[in-house]
Amino acid sequence: RRELERGGLGDNARLHLFYTEPELDDQHDETWDLVKAYLDWSLYTELRLKHGLSYGPSAEREVFGDVGFLSLNADVEREDADEAEREMRALVERLQKDGMQPETFARLQEAAIARQAWAVQGNSALADYYWGAINDYEDGRFVDPAKRIKAVSLETANRAMRQLLAQPGYMRIEKPLLSYDGL
């Protein structure tokens, strides 16, 4: 856990809870994309809808070399930072214990498949996808990404999420040096 100064004056704080993605045997990217989507929805439901702490909490996935990182992020008011951190930790514990809800996972999986179906050739994200999937190019075609997404089971995604959240994680809180009241 680390608190960093970001800026000189303000009443906001930014929380980041980082995890290193464990290596999966198969369907690595598709599984992590679905886990990210589930965590994104869970964060929004918990921090925004239930507690009103953050307007747009999100989960993000970044890959550096061969190591993937998944982060849970929230922009909050400075005085809500401790409560938001407690709620994020409680969410992680609940997901570790209970796993994913099957209905929500199925809905997010269908949304990911629909998103692939609506992608267009001029889309730069799609170009990045195909560049990353160059190993799947065979007989003049790429493997259908919708089939790969559909092949990820709830059990596989739950196992991946539990492996991810079993780590302690690294909490980084960015706050300005002084709040307006402190000034």
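The values are calculated or read from the model by the stated rules, or taken from the named source; none is laboratory data. All figures in this text were calculated on a predicted structure; none of them were measured in a lab. Note that each Cβ is placed from the backbone with ideal geometry, even for glycine, and that neighbours are counted across all protein chains shown. For accessibility, only protein heavy atoms count, side chains too; no ligands or nucleic acids. Shrake-Rupley method; radii C 1.70, N 1.55, O 1.52, S 1.80 Å.
May I ask you to list the GluC sites (Glu not before Pro) in region 7-62 that are in a DSSP loop and have at most 11 other Cβ atoms within 10 Å of their Cβ? Write down the numbers at each step before the final one.
Working: sites: Glu23, Glu30, Glu46, Glu60, Glu62; in loops: Glu23.
Those that pass, being in a loop and sparsely packed, are Glu23.
How big is the equivalent ellipsoid of region 32-85 along its three axes, where each semi-axis is √(5λ) from the Cα gyration tensor, reported in whole Å from largest to smallest?
After diagonalising the Cα gyration tensor, the semi-axes are 23, 13, 7 Å.
Label sites at Val67 and Thr20, each approximated as a point 7 angstrom past Cα along Cα to Cβ, lie 0.5 nm apart. With all protein chains present, how much of the accessible area of region 1-128 (probe radius 1.4 Å) comes from carbon and sulfur, to the nearest whole percent? Summing carbon and sulfur atoms, their accessible area is 48 percent of the total for region 1-128.
Of all lysines in the structure, the ones whose alpha carbon falls short of 16 Å from that of Lys150, not counting any fewer than 8 places away in one chain, are Lys36.
Just to confirm a number: summing +1 for Lys and Arg and -1 for Asp and Glu over residues other than Leu17 whose beta-carbon lies under 10 angstrom from that of Leu17, what do you get?
Around Leu17, the surrounding residues sum to +2.
Measuring between their Cα centroids, region 1-26 and region 77-96 lie 13 Å from each other. Each Lys or Arg adds one and each Asp or Glu subtracts one; over the other residues with Cβ under 13 Å from the Cβ of Ser58, this totals -1. Database remark: amide H of Glu21 closer than 5 angstrom to the amide H of Gly68, Phe69, Leu70 (H placed geometrically; neighbours at sequence offset of 5 or more, or on other chains; Pro and chain starts carry no H).
For chymotrypsin sites (Phe, Trp or Tyr not before Pro), the sites in region 50-81 that DSSP calls loop and that have at most 15 other Cβ atoms within 10 Å are Tyr55.
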